[in-house]
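The values are calculated or read from the model by the stated rules, or taken from the named source; none is laboratory data. This structure is a prediction, so every number in the text was calculated from the model and none was measured. Cβ coordinates were reconstructed from backbone atoms using ideal geometry, including for glycine residues, and neighbour counts include every protein chain displayed. Heavy atoms of the whole protein, side chains included, go into the accessibility calculation; ligands, DNA and RNA do not. Shrake-Rupley method; radii C 1.70, N 1.55, O 1.52, S 1.80 Å.
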Amino acid sequence: MWAFCWAPIVAISVLHYATPIHHAWVHDVLRRLYYLPIIAGAFLAELRGALAASVVVSFCYIPHAFLHMGAMAHADPAGSWEKALELGLYNIVGAVTGYLVRAERRRAAELATALEEQRRLQRQLVRAGRLGALGELVAGVSHEIKTPLHALRGTAEIVDKLIPADCPERRMWEIHVSELRRLGDIAERFRSFASPQVDLAGALDLNDVARRLSDLVGAQARRQGVEVELTVAPAPVALCGDRDQLAQVGLNIAVNALRAMAAVSDRKGTLAIRVVPEATLEDAPMCALRIENDGPPIPIDRIEHIFDPFVGDDPQGTGLGLAISARIAELHHGFIEASNAGLGVTFTLYLPRRDAPEPA
Ligand SMILES: Nc1ncnc2c1ncn2[C@@H]1O[C@H](COP(=O)(O)OP(=O)(O)OP(=O)(O)O)[C@@H](O)[C@H]1O
Ligand SMILES: [Mg+2]
């Protein structure tokens, strides 16, 4: 304000008072120059700034305009009506520009929020579309895998009894059985991606989900030397949903976080699990489960795609953990967001609060 408002007003006033009366055109110019700091006030502090500037300008100008100081030697030579009109205009211009700047800024902020919401909605739709189409394909594949797998497991149980413990081929047989088990796990993961079984009717407290997640992840975190910080809400956070599936979502996120932290060898790391009782997503009242880790950030070109199936970089993983989680969140009318914020990487699972109206 000083550089663009008060200092110019002082400078114009000094010149005004110092200019002799016969330089009428200089007074004309100086009188109009007062509009510049008034407009600057509007841009710097909106209506408040513009009105403050116009009032200060009026007080600076009134003595010079009407008091005929120094036996008229320094008075503004313009006519009384003209000077009175100018005084009125200072304040009108101040009020109008201040109001317009304020309205424009509010509109710009609203547009930015609307744009951000539209982008989020678009991402949500694209994600849902991709997952839905792929879900059908994966359901078929997992069904085709599971049938022969079932037969293989049955025969393996019979053959297992026929191979003695001291037989040299026993070791190879154990590898065979463990790979069969792994294949079974993968098929099960495919199935739960294609058709997650979610019971939405259960009434639950998000604090309980967070506690359960903390218990589930605790042992692995301790082994890794990672500190788990659990922050629950002071009061129960009521929502409808499937406790096991929501804990599974949290676990998928937390296991990824532990793996990302383990990749950085020089430090142990922190995993924070926080319950946010009141959050908003596209103006809808939500609650949220926030899982933060202080591992390395997710590259910006990758973060957009980590909820897509099969984008994982873990050779042991299926690349389905976050895709399944996104589907479970969607079935709960919720949403998962990932960002390089908080401790380092933050995943936020938004879920509708029980007191919120049902989405259409
Ligand atoms: N906290 C995190 N920090 C860094 N990268 C992450 C984090 N969480 C997820 N990622 C990235 O997202 C990818 C996708 O994760 P997702 O859980 O879907 O698959 P996955 O872990 O590779 O396999 P799966 O979960 O099926 O075992 C991960 O491979 C990893 O590259
Ligand atoms: Mg995973």
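Within the stretch 321-332, residues that are in the same structural domain as Gln248 (by TED's automatic domain parsing) reach no partner that is among the polar types (S, T, N, Q) and open to solvent by less than 10 Å² (accessible area, probe 1.4 Å) with beta carbons closer than 8 Å at six or more positions or on different chains. With respect to the conditions (1) in contact with a Pro (Cβ under 8 Å, 6 or more places away or on another chain); (2) assigned to a helix (DSSP H, G or I); (3) near ligand 1 (Cβ under 9 Å from one of its atoms), Arg327 lacks only one, and its number is (3). Kindly evaluate Ile273 against the criterion of being β-branched (Val, Ile, Thr), within 16 Å of ligand 2 (Cβ to nearest atom), under 21 Å from Gly225 (Cβ atoms) and part of a strand (DSSP E or B). No, not satisfied.
Take Arg222 and decide whether it is open to solvent by 60 Å² or more (accessible area, probe 1.4 Å) and not assigned by TED's automatic domain parsing to the domain that holds Asp294. No, not satisfied. Applying the criterion of being away from ligand 2 (no atom under 16 Å from the Cβ) and within 14 Å of Pro196 (Cβ to Cβ) to the residues of the stretch 287-332, the residue that is nearest to the chain's Cα centre (by Cα) is Glu330. Scanning the stretch 29-55 for residues that are open to solvent by 50 Å² or more (accessible area, probe 1.4 Å) and over 38 Å from the mean Cα position of the chain (by Cα) yields a count of 5. Touching a helix residue (DSSP H, G or I) at 6+ places or on another chain (Cβ under 6 Å), open to solvent by 40 Å² or more (accessible area, probe 1.4 Å) and more than 16 Å from ligand 1 (Cβ to nearest atom), is that true of Val232? Judged against the criteria, Val232 is a match. Tell me which residues, restricted to the stretch 293-308, are more than 9 Å from ligand 1 (Cβ to nearest atom) and touching a strand residue (DSSP E or B) at 6+ places or on another chain (Cβ under 7 Å). Within the stretch 293-308, Asp294 is the sole residue that qualifies. For the stretch 330-360, the tally of residues that are touching a strand residue (DSSP E or B) at 6+ places or on another chain (Cβ under 6 Å), within 12 Å of ligand 1 (Cβ to nearest atom) and either in a strand (DSSP E or B) or of a type in the set (S, T, N, Q) (or both) stands at 6. Taking the stretch 251-281 as the range and being closer than 14 Å to Leu349 by Cα and acidic (Asp, Glu) as the test, only Glu278 passes. Scanning the stretch 240-270 for residues that are of a type in the set (Ser, Thr, Tyr) and either within 16 Å of ligand 2 (Cβ to nearest atom) or surrounded by fewer than 17 Cβ atoms within 10 Å (Cβ to Cβ) (or both) gives a single hit, Ser265.
Applying a threshold of 7 Å to beta carbon distances and a minimum spacing of six or more residues, or different chains, the list of pairs starting in the stretch 299-315 at a residue that is surrounded by fewer than 17 Cβ atoms within 10 Å (Cβ to Cβ) and at pLDDT 85 or above and ending at one that is assigned to a loop (DSSP other than H, G, I, E, B) and of a type in the set (Lys, Arg) is empty.
One residue alone among Arg102, Arg120 is more than 30 Å from Ser339 (Cα to Cα), surrounded by 14 or more Cβ atoms within 10 Å (Cβ to Cβ) and not assigned by TED's automatic domain parsing to the domain that holds Arg327, and that residue is Arg102.
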